[in-house]
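Asks: Structure incoming, see below.
Read-outs: derived from the displayed coordinates by stated rules, not from any lab. Because the structure is a prediction, the values reported are computed rather than measured. Because the Cβ atoms are built from the backbone with ideal geometry, glycine has one as well, and the counts that use them run over all protein chains shown.
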Amino acid sequence: MLSENDVKVLKAISEGYSDPQRIAGKLEMKIEAVRALADALGEQGLIGVTKSVEEAVSLTDEGKKYASEGLPERILLSAIGSGKPMSDLLDPAHKIGLGWLRKKGWAAIEKGTILPAGPAPRGKDEEILQDLLLADAKSSSLLDKKGLSDLKGRGLVAFAKSKEWRYKITTEGKKWASGGMGEVFVQEMPPLTSDMIKAGQWSEVDGVLNLEYRGSSYRPRPYDVTLAADKIYPGKKHPYQRLIDFMREIMLEMGFMELKGQIVQSSFWNFDALFQPQDHPAREMQDTFYLDSLADIPDYTRVKEMHESGKGADSLGWGGVWKPEVARQEVLRTHTTGVTIKYLAEHFEPPVKAFGIDRVYRREAIDATHTPEFEQLEGIVMDRDVTFSHLLGILKEFYSKMGFEEVRFRPGYFPYTEPSVEPEVFIDGLGWVELGGAGVFRKEVTAPFGIEHPVLAWGLGVSRVAMLKLGLKDLRLLYQSDLEWLRETPVCIKL
């Protein structure tokens, strides 16, 4: 016996409707209900059910840009003409184009000059970009695999998998659809309630379960619990955000307080207060995003004296003339240390035990391991009689809580700490990996602000840790809305 809805779906399929979406529209039913009914009809041999997985390919925002303007290597090839010195390549995009020029064999470098290497025919990757620009999305089976692989590696295309159902009525199904197989059991089982279970009369007739409830007869639909169900993707926190929250919890558990600061900082706090000379390479445009605005800065007398002559720190300083107009230039912060030193300048009495996890900005060409914006974790401890050994102990404890069992320290150099080290952790398959920098603030940094006690400081790139913990080879996945990756990354992954 079939229910009324069974027959409706069966008749729709007999009329040539093979797609559950079209059947749902015709019968004004939910597509999930149509699929469930069709699966049951398929088990009874009344219809044939074909399920397949379709992979659709579409362009990312960067892919759309290149589809319209041309790939970086094509643009660079046009720009070099018959040849161009490497020193003339100032655009960061040229760095990307140069690598692909050489990989595709379109150009060669001789004595510092890029020379075209002959014809550069349109490649499959360029053809795919144009096809997707016109069609929005296409099945991956219709596109060249090698060209598609290259575009996927460059983050220019996105993939989305979808299931498709197709139905076809059988000879037996046609008999039922035409009404030639007896009566239809018209009473559909409503949603089961506790009252139906308690007050209803349940019986089994010829192996079929029946329910008598409030004068009506119902037949519950049998369910095969061994059948594969549609995969459900519940809402969950982004893996990268989960890692950041985990780091924050560790720092709070270790007794640190969290600092927050402005994204836009004056060069005074971002550079000068940290004893970075005003002609330091880090201040040049290729490293720093400068804004067309000026900031108010505090009394800079002691900072100026420290830079020019080292007064108050038994130092020679940097010499030259320190210029306040340079210090007033506003920038997108290149690190969170500017927030740290500003806090110390306002809280110079010990103890201070603070940390920050925030985004910083540097002028970088985007690739698998670099982005112009990324997160940085920084911590400081200022107290009486703290030593370099305390710093190493804090770092070892932090990395241990992060799940890194083997930690070692290598001597390093940083402009505003001395002594300085670079913590390294051991990763199976990779060996020793450097995860940050640390040291004791130099007196040239602390003296101008009246800080009389040692300051232990360290910082690490959060995204680098995320790549290790999440097993990523492309940093851009952390910032892209790749639904497939987000769905497949389990919540229970050990951080």
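Let's see how each residue does on (1) hydroxyl-bearing (S, T, Y); (2) more than 15 Å from R122 (Cα to Cα):
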{"position": "G63", "(1), (2)": "no, yes"}
{"position": "Y66", "(1), (2)": "yes, no"}
{"position": "S82", "(1), (2)": "yes, yes"}
{"position": "R102", "(1), (2)": "no, yes"}
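Asks: A further question on this structure: Can you work out which of the residues in the stretch 304-325 that are touching a Lys or Arg at 6+ places or on another chain (Cβ under 6 Å) and in a loop (DSSP other than H, G, I, E, B) is farthest from V445 (Cα to Cα)? Talk me through it step by step, then tell me what you get.
Replies: Just the residues of the stretch 304-325 that are touching a Lys or Arg at 6+ places or on another chain (Cβ under 6 Å), to begin with: 305, 313, 322.
Right, trim to in a loop (DSSP other than H, G, I, E, B) and you get 313, 322.
Details: A313: 9, W322: 15 Å.
The qualifying residue farthest from V445 (Cα to Cα) is W322.
For every residue, the table says whether it meets (1) crowded, with 16+ Cβ neighbours inside 10 Å; (2) within 18 Å of the chain's Cα centre (by Cα).
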| site | (1), (2) |
| --- | --- |
| T446 | yes, no |
| W458 | yes, no |
| G461 | yes, yes |
| L468 | yes, yes |
| K473 | no, yes |
| L477 | yes, yes |
| L483 | no, yes |
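Asks: For V381, all conditions in the list (1) assigned to a strand (DSSP E or B); (2) among the hydrophobic types (A, V, I, L, M, F, W, C); (3) more than 21 Å from the chain's Cα centre (by Cα); (4) under 14 Å from L460 (Cα atoms) hold save one; what is the number of the exception?
Replies: (4)
Asks: Here is a further query. Do we find a residue being touching a helix residue (DSSP H, G or I) at 6+ places or on another chain (Cβ under 6 Å) and among the charged types (D, E, K, R) anywhere in the stretch 399-420?
Replies: The answer is yes; a qualifying residue exists.
Asks: Kindly indicate which of Y300, Y343, Y361 is more than 30 Å from V462 (Cα to Cα) and either buried (at least 17 other Cβ atoms within 10 Å of the Cβ) or hydrophobic (A, V, I, L, M, F, W, C) (or both).
Replies: Working: Y343 fails: more than 30 Å from V462 (Cα to Cα); Y361 fails: more than 30 Å from V462 (Cα to Cα).
Just one listed residue meets the conditions, Y300.
Asks: Hand me the list of strands (runs of 3 or more DSSP E) wholly inside the stretch 196-276 holding 3 or more residues that are surrounded by 12 or more Cβ atoms within 10 Å (Cβ to Cβ). Explain how you work it out, then say what you get.
Replies: Numbers: elements: 201-205, 208-213, 216-218, 264-266.
By residue number, 208-213, 264-266.
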